[in-house]
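Heads up, the thing below is written out as structure tokens.
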Amino acid sequence: MRQGQGLLWASLVLLSAQAEEVTLETIEVETSIETELIKDVRGEDIKSADLAEALFKQSPAISLVRRSGIANDIIVRGQKKDNINVSIDGAKVYGACPNRMDPPVSHVLTNNIDYIEINEGPYNVEDFGVLSADVKIHTIQPEDEFQGDINLGFGSWGYKKAAVSASGMITDNVKFLVSASAETSKQYEDGDGNDFVGQIDREIKKGAVPASTQYQPQYRDMDAYTKKTVLAKLFWNITDNQELRLSYTGNRSDDILYPSSKMDALYDDSDIFNVEYIAKDLGKYSKELNIQLYQSTVEHPMSTKYRNMGAVNYMTHALTTKMQGAKLKNTFDLDNHTLTAGIDYSLRNWDGAYFKNDIPLDIASKGKMPFHSIYDVDTENVAFFLKDSIKMDKLILDLGLRYDDTSISSGYANQPDNDYEELNGYIFANYHFDATTNYFVGIGKSSRVPDGKELYWIGNMGNTIGTPTLDATQNYEFDLGVEKKFENASFKVKGFYSQLKDFIAYNSSNMTPKGPVNVYENVDAVVYGFELSGTYMATTELYFDYGMAYQRGKKDNPLAGQTGTEMPEIPPFKFNLAANYAYDETLMFRAELIASDEWTNFDVENGEQELDAYGVFNLKGSKTWGHFELTVGVDNIFDETYAVSNTYNDLILLPTVGNNEVMLLNEPGRYFYTNLKYTF
């Protein structure tokens, strides 16, 4: 890795010395027809810092995986984990927790996000592991003029947040941005008035979790979490056509409660460093050259310290992960072609260890239990990619090709190395029938390799949970749709059909007295569905936006020892509808409905259960005067009790007593919030 970084830095210096003087243009937000763009995240989603919840509210294609008051996960088109790619300003980010307490979207907060691109399907060859969807998060950028803002937020259940940002020019060629925030919240209550303790306490709720996994008396009133963040950027215009961008994102979270799991996070810390060099118009064969280096690290110890089982002897599972990446790509025009060629490199290290009362488990158990859960696992990927966008009158044809060479190894000598080679690509066509109608169709293949947990994970009883012989998952997908614009309305409808070869599924039947063994299994499957979204402007003051999504999934054959073929984590039909009213430029209101059908198709043999349908109404209003903006809102105004997250056994969740089901974590009940913003 160090040699590769040296070569990239040498190239950067050489190009800086030789490049011509050409004005560097402002980068515009350009998206293709298959991309869903969520704009002004920091301005719209001020309720809390949780990005997963914000995406769930704004996009019908995204479902929420609720684990806590913050740091929740997302599902896109029935896919989760490594089946979707998440990047922050081009840097690929992973969490350290094998139980998804710190998913990638939890390492950036809404107050630092400018906009998000959601690309569904296998139509990205620039990034590693884009199996079924790609979520590109773009954080706020430094401004040319000095400006900033201060936000103070308050909400139900003791929610408090303060955030400040400032941006501007240091010199004629250098500009900066600094943003910092701090927030905390008590345990939220569901529609029945139960907080986290109440949802799992058998004295309060019938059929709740075993007494050993409930909170000790001195911890029952703990806050749900505290969180602090900082984002810093420095942009340097080296010459008129060259720019160097430096950024750092830091997150510090403490005592995050996960009531449906047997462990809580003692802390969750992440650091993301990003360096990007951009040079434009270097010659005929370089319209834009981009070199990027990044590193992300995450530390995540989770423990039974706050539960009854940890009153005398508590267990801690401490994990770290480091992701290092480098990418070089060059774009140029040739006749009616826009070509992009590049090299992508990444190295992820993942390490996890068990402790008993802060003593390594192998010492505490005198060698009877393993110390490491995921032992120094390296996933190294080298890839070459090529893209071509061909403009032919009304037709735009996009093509992509990517070759991946991936090696995965463990620190344990008895765990085999794994090597994967994949060739992926796509063809995507947009046909602009007229100024208001656009048809699109695409076909592509993508893949993702197993991660360290799926291959090598060892339980604290010495049981090998991972399956070291897994194949990479491949997605063969077909998409089509149409977008239509009218004088006062628009709509977009798209459908997809995906054949998943060697999908990595969890098999709950592989149980032993020591726990699960080799639970991950390859199986072929299909997933298909459709999405419809659009807008309607009723008057100059009133407009509506809406969206709906539906998907179904089936395994070709049951897993070993099972009979069912339902795919896991395939949410039912979901519908979003919002009415927006602008009284004038300073006073705006929004009313929204988020609704879902009941779960009637689910993987019961692997822990999922039937969930009821729900419909939740939210209201929000904002008033601006001068430099001040006041926002007031209420979510779930009818105080409904409902759950959106199912209980697939790939996550370790608590069982309930008496009914052999896994605990469901309910969503928050009626929630009031307000935010005061001062802009300077």
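The values are calculated or read from the model by the stated rules, or taken from the named source; none is laboratory data. These numbers were taken from a predicted model, which means no experiment stands behind them. Neighbour counts run over all protein chains shown; Cβ positions are idealised from the backbone, glycine included.
Observations
- The numbered conditions (1) surrounded by fewer than 23 Cβ atoms within 10 Å (Cβ to Cβ); (2) part of a strand (DSSP E or B); (3) among the aliphatic types (A, V, I, L, M) are all true for M222 except (2).
- Scanning region 376-398 for residues that are of a type outside the set (D, E), surrounded by 15 or more Cβ atoms within 10 Å (Cβ to Cβ) and within 30 Å of F428 (Cβ to Cβ) yields a count of 11.
- Failed item in (1) more than 24 Å from the chain's Cα centre (by Cα); (2) crowded, with 17+ Cβ neighbours inside 10 Å; (3) in a strand (DSSP E or B), with T624 passing the rest: (2)
The rows are residues; the columns are (1) under 26 Å from G553 (Cβ atoms); (2) aliphatic (A, V, I, L, M).
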| site | (1), (2) |
| --- | --- |
| A61 | yes, yes |
| R67 | yes, no |
| V130 | yes, yes |
| D149 | no, no |
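- G325, sole failed condition from (1) crowded, with 18+ Cβ neighbours inside 10 Å; (2) over 28 Å from the mean Cα position of the chain (by Cα); (3) more than 20 Å from R100 (Cα to Cα); (4) not β-branched (V, I, T): (2)
- Just one of the listed residues (Y642, Y614, Y648) is in contact with a helix residue (DSSP H, G or I) (Cβ under 7 Å, 6 or more places away or on another chain) and of a type outside the set (S, T, N, Q), namely Y648.
- Meets criteria (without any contact (Cβ under 8 Å) to a residue 12 or more places away in the chain and of a type in the set (S, T, Y)) for S346: no
- The residues of region 225-244 that are out of contact with any strand residue (DSSP E or B) (no Cβ under 8 Å at 6 or more places or on another chain) and assigned to a loop (DSSP other than H, G, I, E, B) amount to a single one, D240.
- Only strands (runs of 3 or more DSSP E) whose full extent lies in region 38-104 are considered here, and the ones with at least 2 residues that are without any contact (Cβ under 8 Å) to a residue 60 or more places away in the chain and not β-branched (V, I, T) are 84-88.
- Residues being farther than 30 Å from N308 by Cβ, in contact (Cβ under 8 Å) with a residue 60 or more places away in the chain and surrounded by 18 or more Cβ atoms within 10 Å (Cβ to Cβ) - total across region 168-197: 3
Matching residues to (1) of a type in the set (A, V, I, L, M, F, W, C); (2) under 30 Å from S365 (Cβ atoms); (3) surrounded by fewer than 17 Cβ atoms within 10 Å (Cβ to Cβ):
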| position | (1), (2), (3) |
| --- | --- |
| N424 | no, no, no |
| P450 | no, yes, no |
| E454 | no, yes, no |
| I458 | yes, yes, no |
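- Answer residue from region 262-272, given it is within 20 Å of the chain's Cα centre (by Cα) and in contact (Cβ under 8 Å) with a residue 60 or more places away in the chain and is nearest to L665 (Cα to Cα) among those: A265
- For region 265-280, the criterion of being among the basic types (K, R) and modelled with pLDDT under 95 is met by no residue.
- Considering region 133-159, and only residues there that are farther than 30 Å from N194 by Cβ and assigned to a loop (DSSP other than H, G, I, E, B), the residue that is nearest to the chain's Cα centre (by Cα) turns out to be I140.
- When the test is whether a residue is part of a strand (DSSP E or B), at pLDDT 95 or above, in contact with a helix residue (DSSP H, G or I) (Cβ under 8 Å, 6 or more places away or on another chain) and crowded, with 18+ Cβ neighbours inside 10 Å, S247 does not pass it.
- Flag for N601 being crowded, with 21+ Cβ neighbours inside 10 Å and farther than 22 Å from G466 by Cα: no
- Filtering region 399-422 to residues that are surrounded by fewer than 18 Cβ atoms within 10 Å (Cβ to Cβ), hydrophobic (A, V, I, L, M, F, W, C) and farther than 27 Å from Y497 by Cβ leaves only A413.
- Just so you know, in region 648-671 the residues that are assigned to a loop (DSSP other than H, G, I, E, B) and among the β-branched types (V, I, T) include one that is nearest to N606 (Cα to Cα), and it is I652.
- The residues on offer are N460, N518, N510, and the sole one that is of a type outside the set (K, R), more than 30 Å from N124 (Cα to Cα) and in contact with a helix residue (DSSP H, G or I) (Cβ under 7 Å, 6 or more places away or on another chain) is N460.
- Flag if A311 is closer than 30 Å to K356 by Cβ and either at pLDDT below 95 or among the small types (G, A, S) (or both): yes
- Residues that are surrounded by fewer than 17 Cβ atoms within 10 Å (Cβ to Cβ) and in contact with a Leu (Cβ under 8 Å, 6 or more places away or on another chain) do not occur anywhere in region 367-375.
- Residue among N618, N659 that alone is among the polar types (S, T, N, Q), touching a Gly at 6+ places or on another chain (Cβ under 9 Å) and modelled with pLDDT under 95: N659
- Residue in region 634-647 that is buried (at least 18 other Cβ atoms within 10 Å of the Cβ), assigned to a strand (DSSP E or B), of a type in the set (D, E) and in contact with a Pro (Cβ under 9 Å, 6 or more places away or on another chain) present: yes
- Of the criteria (1) under 30 Å from P142 (Cβ atoms); (2) among the hydroxyl-bearing types (S, T, Y); (3) surrounded by fewer than 22 Cβ atoms within 10 Å (Cβ to Cβ), which one Y285 fails: (1)
- Qualifying residue in region 87-97 (condition: surrounded by fewer than 23 Cβ atoms within 10 Å (Cβ to Cβ), more than 10 Å from the chain's Cα centre (by Cα) and under 25 Å from A549 (Cα atoms)): no
- Selected residue [within 30 Å of M663 (Cα to Cα) and among the polar types (S, T, N, Q)] from T321, T239: T321
- Once region 596-617 is narrowed to residues that are part of a loop (DSSP other than H, G, I, E, B) and aliphatic (A, V, I, L, M), the residue that is farthest from T647 (Cα to Cα) is A613.
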